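Derivation of every value follows stated rules applied to the coordinates shown; laboratory data play no part. Predicted model only: the values in this text are computed from it and were never measured. Note that each Cβ is placed from the backbone with ideal geometry, even for glycine, and that neighbours are counted across all protein chains shown.
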Amino acid sequence: ALLDYQATFGVTPLAVLGPGMPKWASRAPKGSSVFRTYTPKESAQAHFVDYLNRLIEVADGRLHAMETWNEPDIPLFYRGTVQEMADFTSLAYEVIKAKDPSIEVVGLGLATPAETHNRFLRKVLEKTGVAPYDAISYHPYTEGRRHPARGDFREVVQGIYDVIDGFGEVPPLWATEFGYFGL
């Protein structure tokens, strides 16, 4: 119903797979209150694959893109290892493409690249290369959330591009979250 409703006013939703892991499926340490910020543990992988397949079936052609995680480069949204994120991203890509090759798999949703200096991006790409990404997403906030014309927006985008370029052909870059403060 939500997908149909959004379509009536021209919105194409972007499904985001993480964070949001249920406690029973999370790799988080036992008793952790931040279980949502971890990828699924090995014993829950089959459940994740089933969930992803069911999501694609229910969407019935109305999801055109899925983002693998929101801001995994900051601890507020991701607490696992780089290898776990690389494995999660690769698995999500394989499952999505096997079920519906037309869905764009958008990786990472990087937070404030100007502040994180793309360290996480570089480490993940060392594990995955560019293969499991139809696009790579980022959130182009600049210092103080100034308007792109007044911030270092071009430098942010160029920095992301330069890191990815070291691993192969740069896929499209998507700005999937943005907002600026004004007077």
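Cα centroids of segment 66-141 and segment 22-42: how far apart, whole angstrom? Taking the Cα centre of segment 22-42 as reference, the centre of segment 66-141 is 18 Å away. Remark on S137: its backbone amide H falls under 5 Å from those of G107, L108, G109, L110, W174, a criterion applied only to residues 5 or more positions apart or on other chains, H modelled at 1.01 Å from N.
Bridging of K97 to lysines at a Cα separation below 20 Å is possible for K127, once same-chain residues fewer than 8 apart are set aside.
Taking amide H positions as modeled 1.01 Å from N, with prolines and chain starts lacking one, the residues under 5 Å from S26 and 5 or more places away or on another chain are K41.
Here segment 19-90 has an Rg and Dmax of 12.7, 39 Å, counting Cα atoms alone. Each peptide in 167-175, 90-98 gets a packing score, the mean of other Cβ atoms within 10 Å over its residues, and the list from highest to lowest is 90-98, 167-175.
Here the simple spin-label model places points 7 Å from the Cα toward Cβ, and for D162 and S102 these points are separated by 4.0 nm. Note that segment 171-179 has calculated 3J(HN,Hα) couplings of x, x, 9, 10, 8, 9, 7, 7, x Hz, one per residue in order, obtained from phi through the Karplus relation 6.51 cos²θ - 1.76 cosθ + 1.60 (θ = phi - 60°); glycine and proline are x. Here each label is just a point 7 Å from Cα along the line to Cβ, and for L55 and E155 those points are 3.5 nm apart.
The amide H of A15, built 1.01 Å from its N in the peptide plane, has A65, E67 as neighbours under 5 Å, considering only residues 5 or more places off or on other chains.
Across segment 100-108, computed HN-Hα scalar couplings (Karplus, 6.51 cos²θ - 1.76 cosθ + 1.60, θ = phi - 60°) run 8, x, 7, 6, 6, 9, 9, x, 5 Hz from first to last residue, x flagging Gly and Pro.
Remark: spin-label model distance A175-D4 equals 3.5 nm, labels positioned 7 Å along the Cα→Cβ axis. Screening the chain for whole DSSP H helices with an alpha carbon extent of at least 20 angstrom along the helix axis and a mean Kyte-Doolittle hydropathy of at least 0.0 yields 45-59, 82-99. Projecting the alpha carbon convex hull of the chain along each direction and taking the average yields 11.7 nm².
Judged by the gyration tensor of its Cα atoms, with axes a ≥ b ≥ c, segment 75-131 is prolate; a/c meets the 1.5 cut and a/b is the larger of a/b and b/c. Determine, from the Cβ-Cβ distance of A46 and T116 and an R0 of 30 Å, the FRET efficiency 1/(1 + (r/R0)^6), rounded to the nearest 0.05. The computed FRET efficiency comes out at 0.35.
Among beta bridges from DSSP that stay inside the chain, the antiparallel ones total about 10%.
A DSSP coil position with no more than 12 other Cβ atoms inside 10 Å describes the following chymotrypsin sites (Phe, Trp or Tyr not before Pro) in segment 1-90: F9.
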